[in-house]
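Undergrad: First the structure, which I've put down as structure tokens, then a few questions once you've had a look.
The values are calculated or read from the model by the stated rules, or taken from the named source; none is laboratory data. Because the structure is predicted, anything quoted here is derived from the model rather than measured. Quick reminder, even Gly has a Cβ in these numbers, built from the backbone with ideal geometry, and neighbours come from all protein chains shown.
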Amino acid sequence: MLFLTGSADHNIDEKNRLAIPSKFRSRLEPERDGKGFYLTIGQPKSCLRLYTEREFERQAAERRPHLLQAQASTMFNRNFFALAEYVEPDSQGRIVVPERLVRISELPREVVIAGAGAFLEIRPRDGFEPEIKDFVEHYDEHYERALKAESGTRRQPDPETESG
């Protein structure tokens, strides 16, 4: 399984091309990860997420819509996947960021490409350093909030079905 870490400053050129840093590209294996990427809106919307082909498809399969689905889930899936774009790097490791995604995210030309575990984030450079500084200054608080949030997403044992 691919795990992406680290960050690098880059620029989106006038043709909306963005070079994926070699420190990330060198970790990719076409057999495992696919040839291209899926690029989509991130959280918050001012950043974009870049998933390897296989990782995006794996996560999309987990969200596979059912015949009966809540309206909020239907609306999210409809628009999330409509915004997702498949992109393949050129021979120099550059992808073209679709104009629609640049416009919607209001992404500036100066960006940071940051590893976020299972995907890369393309974030505005001017907001990156202040966020990192805040993260480090309040690390213990961020750590505790993350633990609490993650414990809420894990399946809790059902005492009636798992009692001995």
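Undergrad: Among what's in the range 75-94 and is surrounded by 11 or more Cβ atoms within 10 Å (Cβ to Cβ) and farther than 22 Å from Glu62 by Cα, pick the residue that is farthest from the chain's Cα centre (by Cα).
TA: Asp90
Undergrad: Has the range 48-62 got any residue that is part of a loop (DSSP other than H, G, I, E, B) and either without any contact (Cβ under 8 Å) to a residue 40 or more places away in the chain or small (Gly, Ala, Ser) (or both)?
TA: No, because not a single residue in the range 48-62 is part of a loop (DSSP other than H, G, I, E, B) and either without any contact (Cβ under 8 Å) to a residue 40 or more places away in the chain or small (Gly, Ala, Ser) (or both).
Undergrad: Being surrounded by fewer than 17 Cβ atoms within 10 Å (Cβ to Cβ) and either at pLDDT below 95 or closer than 20 Å to Glu85 by Cβ (or both) is the filter here; which residues of the range 103-115 pass it?
TA: Within the range 103-115, Arg103, Ile104, Glu106, Pro108, Arg109 meet the criteria.
The rows are residues; the columns are (1) loosely packed, with under 11 Cβ neighbours inside 10 Å; (2) in contact with a Leu (Cβ under 7 Å, 6 or more places away or on another chain).
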residue: Phe3; (1), (2): yes, no
residue: Ala8; (1), (2): no, no
residue: Lys15; (1), (2): yes, no
residue: Pro44; (1), (2): yes, no
residue: Leu50; (1), (2): no, yes
residue: Arg58; (1), (2): no, no
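Undergrad: Using the structure shown, decide if Asp33 is among the charged types (D, E, K, R) and under 18 Å from the mean Cα position of the chain (by Cα).
TA: For Asp33, the condition - among the charged types (D, E, K, R) and under 18 Å from the mean Cα position of the chain (by Cα) - is met.
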